[in-house]
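Report on one structure; see the data block that follows.
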Amino acid sequence: MRAYVIRRLLALIPTLFFASVIVFSTVRLIPGDIIDMMIAQNDIAADKTSREQLEQALGLDQPMYIQYFRWMGGILLRGDFGSSLWQEQSVIGEIMERLPTTFQLGTMALLVALVVAIPVGVWSAIRQDTWGDYLGRSFSILMLAVPSFWLGTIVMVFPAIWWGISPEVKFVPFWQDPVGNMLQLSLPALILGTSLSAISMRMTRTMMLEVLRQDYVRTAWAKGMGERTVVVRHALRNALIPVVTLIGLQAPILIGGTVIMEQIFVIPGMGLMLLEAVSRRDYPIITGVFLIVGVAVVLINLLVDLSYGLLDPKVRYR
Amino acid sequence: MSATAAPAETSAAPSPRGPMASFFIRLVRDKPLGAIGAVIFLLFLICGVFADVLAPYGINQISPVNRLKPPSARFWLGTDHLGRDMLSRILYGAQLSVIIGFAAATLATIISVVIGIVTGYLGGKVDLIVQRVVDAWMSFPELIILIVVVSVLGPGMIQVIFVLGLTFGIGGSRIIRGAVVSVREQMYVHSAQSMGASTPRILLQHILPNVLPPIIVLFTTRVGAVILVESGLSFLGFGVPPPAPTWGGMLSGTGRTYMYMAPWLALAPGLCLTLVVYGINVLGDAMRDLLDPRMRGSR
């Protein structure tokens, strides 16, 4: 097990390296001059008025590869992502302040997705081709098409028109009022979670159908075991592995979704931070959030890989 | 599998009706939901292509007297806060979605096919390195890549098409690569190799035609995915800038404050988006089942 973890961690190095190159080159290499854009839009802080000062603040006065190594070196050696062009705050400090909220929203959405997807997917499979199955499948194929930002808009607009209810705009931090905070995040998590559940539901159904035809399931039936035991103990556990893999693959979609939900419901997470930074063209923050998101997705996929061992005793790490 | 359907399966034998016609006959007979999707897709295309003819009013024709009018015989979908006809804007929005969807999906498919065929066929070190880059690329959400790129390039249709094409192209290369790897070991490829056929010739004459079904399915589903992500980007205010009537843009910005007085503003663009993406998804599913049995049940 330990050898497997170490090998898996080593395999992360090239992926993380390429990810950092992508982040670096997206902001610095594409044609279109950041500085021109900042000056043209008057998007500059008072103390960094001239072109040279801006270039120095962004570290653009050095050759490209030196810029990359300085940037990477700062991150790896000192955990230094640079500092915001506007506020006297380090990028990493700001991210660490915002990250927990996004993480909480994402986790809640994921829980909603699983709570919806797995039971409905299992039900659809064991009652294949009944009206319940059709209903579940129609729902999932519909949820794949509904944009979450539209669902969010509808949920904001119509209760306000009909009953005069609108969600609290002022954000309640978790440590101030845990219950109020959970309630506030539950609506965006519900919307994001149901959108996300569609793919997992289809996957759960497909895998359950496959597993239910296996010999060991027939044996379990033949032994006279109850439906519950056969379905949950024998079938579901084996069907879950591809579903868990899918959760890792959906991590980018989930994080993209939190950006939209944070915007609609004014939740001060990392997504809103990115949008604010983009509107002020605060490149150190943009680069920092971009990189953190990529690293987060890579780590989620690592956790997913490692979790196979817990789900499936057949998987032995060598 | 009936006898009439067989010619479409083996592309070598010419079908009496032509491959397209026999595909549509199978679609309607075996996959009614997919056929409905095809109809939705077709209607969407017609709306987009003929928006200039179909729209009763101009794209940005402002009429202050008719501000925030509910749906009526004169304005089928009502008007917005500037008195612009919503139906006309929805139709022009379809035009933008058709252009962006097709342009970005075409670019994405070309990129996927080039990366997928070259790495899948050649294998080895090139494949290994390219796959790590694809891994890294796929760990960034499309929406976030788009937001970052737009922050450097400024908003605009060309940027959106280019970035969506590139992003979906790199992600989709996995699917094509998988198909190529399974074709690579077929007997006809080995015999072409032993006859001394050049690599480009094998790729174009033997590999490409045999991975065509997943390419067609990939293209179709990509059109829907592009439309969905583009609408999210426009919703956040980073897509094609207003007053261009993108469906996502109509749900955001200043329009949002008026939705509480005029809820029809919130309904039409979202319903259109949902309907079109739903149509493309069910069509894509049906095509996958009919054209490419290996991909059945996967996404």
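The values are calculated or read from the model by the stated rules, or taken from the named source; none is laboratory data. Please read all numbers here as calculations on a predicted model, not as lab measurements. Don't worry about glycine lacking a Cβ; one is built from the backbone with ideal geometry, like all the others, and counts go over all protein chains shown. These area figures cover heavy atoms from the full protein model, side chains too; ligands, DNA and RNA do not enter into them. Shrake-Rupley method; radii C 1.70, N 1.55, O 1.52, S 1.80 Å.
I need the helices (runs of 4 or more DSSP H) fully contained in the stretch B:126-207, keeping only those with at least 2 residues that are of a type outside the set (A, V, I, L, M, F, W, C) and away from every other protein chain (no Cβ under 14 Å). In the stretch B:126-207, B:157-184, B:187-194 are the helices (runs of 4 or more DSSP H) which contain 2 or more residues that are of a type outside the set (A, V, I, L, M, F, W, C) and away from every other protein chain (no Cβ under 14 Å). Only a single criterion out of (1) within 11 Å of chain A (Cβ to nearest Cβ); (2) within 19 Å of B:LEU87 (Cβ to Cβ); (3) modelled with pLDDT of 75 or more is not satisfied by B:GLY255, namely (3).
Being in a helix (DSSP H, G or I) and under 30 Å from B:THR119 (Cβ atoms) holds for only one residue in B:LEU228, B:LEU267, and it is B:LEU228. Here the condition is being away from every other protein chain (no Cβ under 11 Å), modelled with pLDDT of 85 or more and farther than 26 Å from B:GLU142 by Cβ; of A:ARG218, A:ARG237, it holds for A:ARG218 alone. Just a yes or no: is a residue in the stretch B:116-128 surrounded by fewer than 18 Cβ atoms within 10 Å (Cβ to Cβ), of a type in the set (A, V, I, L, M, F, W, C), farther than 23 Å from B:GLY239 by Cα and in contact with a helix residue (DSSP H, G or I) (Cβ under 7 Å, 6 or more places away or on another chain)? Yes, that holds for at least one residue. With respect to the stated conditions, A:LEU151 fails to be more than 14 Å from every other protein chain (Cβ to nearest Cβ) and either closer than 27 Å to B:GLY224 by Cα or touching a strand residue (DSSP E or B) at 6+ places or on another chain (Cβ under 6 Å) (or both).
So, B:LEU68, is that one open to solvent by 20 Å² or more (accessible area, probe 1.4 Å), more than 26 Å from A:ALA11 (Cα to Cα), in a loop (DSSP other than H, G, I, E, B) and not small (Gly, Ala, Ser) or not? So B:LEU68 fits the description; yes.
The selection criterion, being of a type in the set (A, V, I, L, M), touching a residue at least 12 places away in the same chain (Cβ under 8 Å), surrounded by fewer than 22 Cβ atoms within 10 Å (Cβ to Cβ) and farther than 23 Å from A:MET261 by Cβ, holds for B:LEU208.
Across the stretch B:82-113, the number of residues qualifying as of a type in the set (Ser, Thr, Tyr) and modelled with pLDDT under 90 comes to 3.
The set of residues from the stretch A:183-196 being more than 14 Å from every other protein chain (Cβ to nearest Cβ) and either buried (at least 17 other Cβ atoms within 10 Å of the Cβ) or in contact (Cβ under 8 Å) with a residue 60 or more places away in the chain (or both) comprises A:GLN184, A:LEU185, A:SER186, A:LEU187, A:PRO188, A:ALA189, A:LEU190, A:GLY193.
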